[in-house]
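Contents: one structure, followed by commentary.
The values are calculated or read from the model by the stated rules, or taken from the named source; none is laboratory data. Remember, predicted model here, so these are calculated numbers, not experimental data. Here the Cβ is made from the backbone with ideal geometry for all residues, glycine too, and neighbour counts use every protein chain on show.
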Amino acid sequence: MTLLNRNGRVSFRMVVLTQVCAAGAFLISWMLLPDYRQSEVIARLSNKPVTLDVRIESNDPIRIASLYDDPNVVSDEELAAVLKKVLPRFSRNQMRPNYIEHALRIWGDKIEFTDPGLISGPQMREFLTDTSKYRESWGADSDPILQPGSDGISIRWGSDRSASVHHDHLLASLTEAGVSLDRPVFTPRRSLHFRDVLTQAMRDFQLDERETEWSVMAFGFWLAPQQTVEWHNGQGRRLSFDLLADRLMRNHKKHGVCLGTHRVYSLMVLLRLDEQYGDQIVSDETEARIMAYLTDVRDLIVAAQSPDGSWPPNWTEGAEAAAKTDPAEKKKSRVISTGHHLEWLAIAPPSLHPDRSQVVRAADWAIEDVLMTPQEVIEENYTFYSHVGNSLALWRKTTPAEFWENWRKTHPDCEELNELSTPDPTLNQSKK
């Protein structure tokens, strides 16, 4: 077959044949692509997000309870004293979303404090979900934290004091606080629902996000009861908890938010959800990898614990941690490490625990630190100390809100915002 006609030009028949071959090759290649890859191509070519393809059946998030009630770790009196110092006592002027998010996740969105100087659960929730309440604190011209789009609501986050500090932290905090999906959310332009925050986050999520800890946890709390554990983001990328778990375990343990401890907590959440919902959240292979990862974390903190009971910021160094202590280390780093490790251990099975004596020593250090630290210092570092309060409540198989409400009933002389007296130095000494 000649390629040229009598005039020396490419023949029409050859042009047609070439186009048919090219179209056929494209069609075959397209048919060989997995469904999620086809969705990705369509999304990029059309510049339109792919519709979320997973149904969220429950209107309320899952809660993961502690597995232990150990007064040797923290007594009722110690827990009451610690929680009193992490009550949400914030100025109403320019309230920092990060502080409110941390307070809301441990106190919940329903608790009503008797003292008007404290911010109750509904007030904290409204600050984060109602632009008018947010602007009462930050001013009428402030950039809203809730960013409405055509199909949902994005959250403004970053280092700005008026923003949510971490990616999907607001979503995870509202979820942990028990906020329902049908809760109204008021943006500057229209009223939507908390469901629109969740679905937007699921469409926007990328595996190469700098911070994935809170996305993984929040998605797990909403999707665990579903039969489907795979879905596609707005770009058509297939996602699963296997992929998300792999993303959390990919880098060195020292990397990640709060000295690498948040990824540990999120992985522990996935394991608990997988156990609770019939081993359908992650594959057996991923479950084994998570267990190996967390077992390694346990061994590292066993070896790294300081003589005073605290865990150092360089806990990933294990037995070498003490020799590599930074002379410029700030105490808040030990508050971060110790509080966060106590928190994930409270929801971990015994097989992932250090000896209980090490847990008791860590709790003793944390309790004494809270009681002896001036109130203004705790409020300046509220985000870190809130994890201490929450972890200690978990070790008594309760929540800060549940414990505090019961404590008020049995201690009618308890005043929430009265001037804190000098802590009794013997309160935390009886176990030593």
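Observations
- The listed residue being within 14 Å of Arg289 (Cβ to Cβ) and in contact with a His (Cβ under 9 Å, 6 or more places away or on another chain), out of Arg247, Arg238, Arg263: Arg263
- Among the residues listed as Val216, Val197, the single one being under 18 Å from Asp182 (Cβ atoms), crowded, with 21+ Cβ neighbours inside 10 Å and β-branched (Val, Ile, Thr): Val197
- Members of the range 176-201 that are part of a helix (DSSP H, G or I), of a type in the set (Val, Ile, Thr) and without any contact (Cβ under 8 Å) to a residue 60 or more places away in the chain: Val197
Here is a yes/no grid of residues against (1) in contact with a strand residue (DSSP E or B) (Cβ under 9 Å, 6 or more places away or on another chain); (2) more than 15 Å from Ser215 (Cβ to Cβ); (3) of a type in the set (Phe, Trp, Tyr):
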residue	(1), (2), (3)
Trp231	yes, no, yes
Arg237	no, no, no
Leu248	no, no, no
Gly256	no, no, no
Tyr265	no, no, yes
Val269	no, no, no
Glu275	no, yes, no
Glu285	no, yes, no
Arg298	no, yes, no
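- Residue in the range 91-98 that is under 17 Å from Gly389 (Cβ atoms), surrounded by 21 or more Cβ atoms within 10 Å (Cβ to Cβ) and under 18 Å from the mean Cα position of the chain (by Cα) present: no
- Pair list, Cβ under 6 Å, 6 or more apart: the range 271-293 residue within 18 Å of Ala65 (Cα to Cα) and among the charged types (D, E, K, R), other residue part of a loop (DSSP other than H, G, I, E, B) and at pLDDT below 95: Arg272/Ile64; Asp274/Ile281; Asp274/Val282
- Test: residue in the range 109-130 that is in contact with a helix residue (DSSP H, G or I) (Cβ under 6 Å, 6 or more places away or on another chain), assigned to a helix (DSSP H, G or I) and of a type in the set (Ser, Thr, Tyr): no
- Within the range 154-198, the set of residues being polar (S, T, N, Q) and farther than 26 Å from Leu270 by Cβ comprises Ser159, Ser162, Thr187, Ser191.
- Restricting Ser132, Ser150 to those that are among the hydroxyl-bearing types (Ser, Thr, Tyr), assigned by TED's automatic domain parsing to the domain that holds Gly234 and either modelled with pLDDT under 95 or under 22 Å from the mean Cα position of the chain (by Cα) (or both) reduces the list to Ser150.
- Only a single criterion out of (1) buried (at least 17 other Cβ atoms within 10 Å of the Cβ); (2) modelled with pLDDT of 95 or more is not satisfied by Asp76, namely (1).
- Residues that are within 21 Å of Leu267 (Cβ to Cβ) and either at pLDDT below 90 or surrounded by fewer than 19 Cβ atoms within 10 Å (Cβ to Cβ) (or both), drawn from the range 223-232: Ala224, Pro225, Gln226, Val229, Glu230, Trp231
- On inspection, Leu427 does not qualify as at pLDDT 60 or above, outside any loop (DSSP other than H, G, I, E, B) and closer than 22 Å to Thr338 by Cβ.
- Entry remark, the range 354-371: residues being surrounded by fewer than 16 Cβ atoms within 10 Å (Cβ to Cβ) and either in a loop (DSSP other than H, G, I, E, B) or in contact (Cβ under 8 Å) with a residue 60 or more places away in the chain (or both) number 2 in total.
- Residues of the range 297-308 satisfying the condition of being more than 13 Å from His341 (Cα to Cα), surrounded by 14 or more Cβ atoms within 10 Å (Cβ to Cβ) and of a type outside the set (Ser, Thr, Tyr): Ala303
- Residues in the range 306-333 that are part of a helix (DSSP H, G or I), within 22 Å of Tyr385 (Cβ to Cβ) and of a type in the set (S, T, N, Q): Ser333 alone.
- Within the range 289-331, being under 16 Å from Met249 (Cα atoms) and either modelled with pLDDT under 95 or under 22 Å from the mean Cα position of the chain (by Cα) (or both) holds for Arg289, Ile290, Met291, Ala292, Tyr293, Leu294, Thr295, Asp296, Val297, Arg298, Thr316.
- Of residues in the range 372-394 being in a helix (DSSP H, G or I) and hydroxyl-bearing (Ser, Thr, Tyr), the one surrounded by the most Cβ atoms within 10 Å (Cβ to Cβ): Ser391
- Filter pass, Ser215 being within 26 Å of Arg238 (Cα to Cα), assigned to a helix (DSSP H, G or I) and of a type in the set (S, T, N, Q): yes
- In the range 150-163, the residues that are surrounded by 14 or more Cβ atoms within 10 Å (Cβ to Cβ) and assigned to a loop (DSSP other than H, G, I, E, B): Asp151, Gly152, Arg156, Ser162, Ala163
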